[in-house]
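Participant: The structure is given below, and queries will be raised subsequently.
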Amino acid sequence: MGRLRTFTRRTFIVGSVAVAGGVAFGAYQVLRPAKGPGAPEDGLRLNPWVLIDARGVTVIVPRAEMGQGVQTTLAALVAEEMEMPLGDIRVEHGPPAEVYANMSLLIPRDYDAKRPGAVMETLYQAMPKVLGLQITGGSFSAFDAYEPMRKAGAAAREVLREAGAARLGVGLDQVRAEAGAIVATDGSRIPYADLAEDAAKIEPPKSPRLKDPADWSILGKSQIRLDQPAKATGTATFAIDVRRPDMRFATVRMSPRLGGGMVSFDASVAETMPGVEKVVDLGDGFAVVATNTWLAMQAAEAVTVEWGAAPYPAETDAIFARIEDAFADKPNITARDEGDVEADGSGDLVEAEYRVPYLAHATMEPMNSTALFTGDGLELWSGNQAPIMLQKAAAEAVGLDQDAVTLHTTIMGGGFGRRASIDFGVIAARVAQAMPGTPVQVTWSREEDMRHDHYRPGAIARMAARLDGGKVAMLTGDVACGSVMGSQMSIPMADRTIVEGIGDQPYRIENRRIRGYAADVAVPLGYWRSVGNSQNAFFHESFIDEMAHAAGADPVEFRLGLIRPEHARSAAVVEKVAEMAGWTGKTPEGVGRGVAFTHSFGTPVAEVIEVVDEDGSIRIAKVWIAADMGVILDPGNCEAQLTGGCVFGLTAAVHGKITFADGMVNEGNFTDYELLRMSNVPEFEVALMANADRPGGVGEVGTPPAAPALANAIFDLTGERVRQLPLIDRFDFVG
Amino acid sequence: MAYTLEINGQSHEVDLPGEVPLLWVLRDTLGMTGTKFGCGVAACGACTVHIDGVAVQSCQTTLETVDGPVTTIEGLGTPGAMSAIQRAWVEHDVAQCGYCQSGQIMQAAALLAETPDPTDDEIDAAMWGNLCRCGTYPRIRAAIHTAAKTIQAEG
């Protein structure tokens, strides 16, 4: 890692640089978003690295692997242009570096970029980004990397050809790049690694020729992910698997009344327990350091504590009353205000109110980090989605300069947005500070993890529409929930996550107003796979279904009538999913079908779900998914992400619920925060489309349509309209 | 107190209180981190290992009750010499985050030892206690079928 540190920090490479024993290639990319008054100067920024040295070819992937396959797909972009087998490429997650910042996380893409108001929202969102965030999230990695990664690979290929031709004393037209080597027409062959030092002396082309996608041999084809053998043999190193010499194992307890602080604690019993070495007073909580994590957890149980009061209403009902109060305030954000929604009109008024609960991320790997504090430095091992933020916050917490913190970003046992919050890494730094010279791994119990999440906000939506002769004459939607961006950034701002998935959908409706209200509830909130889309798609697509029903129209035809005039790519996925499912609008007794559509992260996705009544219990039998990926980089991985994202959404729809009593989260483990299991996961059929010039998001986009498609299917089966989740509160499901 | 454990064919002596769960003996004392901590209450299956060939949840198996040879994911195969079931996992590109997969593979290995050619229902029943937050279940099921065929073909 040291060799990377020296040249990545605050440096852009546009071209190549010599490094010890080799050469590194970078490509700098600026993409200007839609022109408009005051549009940000900087759009996308990513500076990938291709390092060639004696070890071979290493791609520095500045995005973290949390299961989405990003390290394989980003390496494939380079491998394709370099003409080398994907399996021969080493992948490393780079150190925190501003050059890796993606300041474009929330810049609207595709249809969303054309929407009125999008530019102003982008300006609001861009400000914190300019501070230099390197985040893996927003389903942005492939979109961001698509061109620069290929350019870096192509530049490397061209320079290697030049170096190879010179070495062989032949013309440039006499050499080709093939399988990791420069090969001359007479068959002589020089591996890339042997040409690295020569290559460092050659100025790379500024605009290297990129391969025609028709000639791709790696991209566009399903790859076995590079991390599969390690993950199948238990040899992949997650943060929780980091082992250092003389390491100690710790666990932490922070106030279960989130942000409530600690009044007092008594650790006298815990300190005498076997293996316990230290109980660390963190001020707002405590940590037990022991020779073994389990011994630390047992001792933590033996500490008696008085916790402070919660800074939010203590009970779930009171929290939702506070969310409801937000409707009386001024909107935080108006996503759309088109035509005249107040005008008197004829036709039928349809109104509905929907509610969704708070949700935990529940990654399989509980929060943890390992830290070594040496007085003048801090080394941190952490599976995280926001390395620059973590490095900065950890430095501040232990009183060091940011440069004195070395951060190793490991692979993650699930992220889903949870690891974009950095609390767990900072806590490890603080615990290590109390044990100078000793590496300490701080692991949260499952209960600590579930009860100290940064939650998907509970939300309420009030929808209204006027239907005139089967046409939508007017639609309004008001959503109230806590502000994720406000909670994450600690600065008030217009928060488009409150309205994403409802204020940005490609339906042609002339008179429409969508507003978001930021509720004043201090429960910590975070980015939960697909963020605002996760609740707003449920509100919007359930209500579209209610409108279709009220209009006496088929739900697929009703949607297409509104989407076709607005966005052809979106209409195409709805048509495709209907075709795949053999949609007729009619289902036999005991079978129900529902459809839902969401355009999120630049990718339109439609899902049809079939449910079956089995002796009064519901079985989720089959899901059809059609998605337009823009450009398909790895069909197998796209299918895995879409189905996995759908399971994530179905799990939340059926089971997900975080509730509060006495200011504390009730649910603590998988015994009361149930997930779908192999026995109740449906059969999937997925169709991938590719109707754009660059890839859209894939990691999150399968999630939003899942809940409304299921709720709409249950309406078709039972005639009962679902306006509140989770479904398990009202229906039985086959286990 | 000192206990002697046989793990993946090797003998290990550990000096820990008898109530420490095997999971934490493996991970923290012996540095065998392939076996994962997920829930601590036998609700997720991430910590599954074999004792005498039987799948058990090591977070609920105390050191003093270990009464037979232990096999962990490390004992099933290595990246250079994978078992048939691990090869099937790679072939089906199963893992996403991968954190639960050690436990999934150990549970599946125990199933195939008992039931060499399981039906979907038998797989679902055997794998019921193993959670996967990434939702890789369909590929896990497919990989188990492939592994079953491979093991039968290889005898």
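The values are calculated or read from the model by the stated rules, or taken from the named source; none is laboratory data. Just so it is clear, the structure is predicted and the values come from calculations on it, not from any experiment. With ideal geometry, Cβ positions are generated from the backbone for all residues, glycine too; neighbour counts draw on all protein chains shown.
Participant: Taking segment A:507-538 as the region of interest, how many residues are buried (at least 24 other Cβ atoms within 10 Å of the Cβ), of a type outside the set (S, T, Y) and within 25 Å of A:A706 (Cβ to Cβ)?
Facilitator: Going through segment A:507-538 one residue at a time, the tally reaches 14.
Participant: Checking A:G220 against (1) within 14 Å of chain B (Cβ to nearest Cβ); (2) touching a helix residue (DSSP H, G or I) at 6+ places or on another chain (Cβ under 8 Å); (3) modelled with pLDDT of 95 or more: exactly one of these is not met. Which one?
Facilitator: Exception for A:G220: condition (1).
Participant: While we're here: Taking the condition of being under 20 Å from A:T363 (Cβ atoms) and either away from chain B (no Cβ under 14 Å) or surrounded by fewer than 20 Cβ atoms within 10 Å (Cβ to Cβ) (or both), how many residues in segment A:395-418 meet it?
Facilitator: Within segment A:395-418, residues that are under 20 Å from A:T363 (Cβ atoms) and either away from chain B (no Cβ under 14 Å) or surrounded by fewer than 20 Cβ atoms within 10 Å (Cβ to Cβ) (or both) number 3.
Participant: All but one of (1) on the phi > 0 side of the Ramachandran plot; (2) within 14 Å of chain B (Cβ to nearest Cβ) hold for A:G259; which doesn't?
Facilitator: With (1) on the phi > 0 side of the Ramachandran plot; (2) within 14 Å of chain B (Cβ to nearest Cβ) applied to A:G259, the lone miss is (2).
Participant: Report whether or not A:G696 is more than 13 Å from chain B (Cβ to nearest Cβ) and part of a loop (DSSP other than H, G, I, E, B). If you could, list the steps in order and put the result at the bottom.
Facilitator: Details: more than 13 Å from chain B (Cβ to nearest Cβ): yes; part of a loop (DSSP other than H, G, I, E, B): yes.
Yes.
Participant: Confirm whether A:A371 is in a helix (DSSP H, G or I) and more than 14 Å from chain B (Cβ to nearest Cβ).
Facilitator: no
Participant: I would also like to ask the following. A:P492 is checked against (1) closer than 28 Å to A:G582 by Cβ; (2) surrounded by fewer than 24 Cβ atoms within 10 Å (Cβ to Cβ) and fails just one. What number does that condition carry?
Facilitator: (1)
Participant: I need a count of the residues in segment A:273-310 that are within 18 Å of B:D15 (Cα to Cα) and out of contact with any helix residue (DSSP H, G or I) (no Cβ under 7 Å at 6 or more places or on another chain).
Facilitator: Number satisfying all stated conditions: 5.
Participant: Moving on to the next point. If you check A:K231 against the conditions, is it of a type in the set (D, E, K, R) and either away from every other protein chain (no Cβ under 12 Å) or in a loop (DSSP other than H, G, I, E, B) (or both)?
Facilitator: Numbers: of a type in the set (D, E, K, R): yes; either away from every other protein chain (no Cβ under 12 Å) or in a loop (DSSP other than H, G, I, E, B) (or both): no.
So A:K231 does not fit the description; no.
Participant: Okay, next question. Determine which member of the set A:D337, A:D344 is farther than 30 Å from A:T651 by Cβ and not in a strand (DSSP E or B).
Facilitator: Details: A:D337 fails: not in a strand (DSSP E or B).
Of the residues listed, the single one that is farther than 30 Å from A:T651 by Cβ and not in a strand (DSSP E or B) is A:D344.
Participant: Oh, and also: Would you be able to tell me the number of residues in segment A:288-330 that are assigned to a strand (DSSP E or B) and among the small types (G, A, S)?
Facilitator: Within segment A:288-330, the subset assigned to a strand (DSSP E or B) is A:288-290, A:304-307.
Right, trim to among the small types (G, A, S) and you get A:290.
Final tally of qualifying residues: 1.
Participant: Given the criteria out of contact with any Cys (no Cβ under 9 Å at 6 or more places or on another chain), buried (at least 19 other Cβ atoms within 10 Å of the Cβ), within 7 Å of chain A (Cβ to nearest Cβ) and not charged (D, E, K, R), does B:I105 qualify? Break it down stepwise before answering.
Facilitator: On the way: out of contact with any Cys (no Cβ under 9 Å at 6 or more places or on another chain): yes; buried (at least 19 other Cβ atoms within 10 Å of the Cβ): yes; within 7 Å of chain A (Cβ to nearest Cβ): yes; not charged (D, E, K, R): yes.
Yes.
Participant: So, one more: Can you tell me which residue within segment B:88-102, out of those that are within 8 Å of chain A (Cβ to nearest Cβ) and in contact (Cβ under 8 Å) with a residue 60 or more places away in the chain, is nearest to the chain's Cα centre (by Cα)?
Facilitator: The qualifying residue nearest to the chain's Cα centre (by Cα) is B:S102.
Participant: Taking the conditions exactly as written (in contact with a helix residue (DSSP H, G or I) (Cβ under 6 Å, 6 or more places away or on another chain), in a loop (DSSP other than H, G, I, E, B) and either not acidic (D, E) or not assigned by TED's automatic domain parsing to the domain that holds A:I422 (or both)), does A:P506 satisfy them or not?
Facilitator: yes
Participant: Checking B:R27 against (1) in contact (Cβ under 8 Å) with a residue 24 or more places away in the chain; (2) under 24 Å from A:M66 (Cα atoms); (3) outside the structural domain of B:K149 (by TED's automatic domain parsing), which single condition isn't satisfied?
Facilitator: Here B:R27 clears every test but (1).
Participant: List the pairs whose first member sits in segment B:118-144 and is facing chain A (nearest Cβ under 7 Å), whose second member is among the aromatic types (F, W, Y), and whose Cβ atoms are under 7 Å apart, counting only residues at least 6 apart or on separate chains?
Facilitator: Pairs found: B:L131/A:F670; B:G135/A:F648; B:P138/A:F684.
Participant: Suppose the filter is of a type in the set (K, R), in a loop (DSSP other than H, G, I, E, B), away from chain B (no Cβ under 14 Å) and more than 23 Å from A:G383 (Cα to Cα); does A:K206 pass it?
Facilitator: Criteria met by A:K206.
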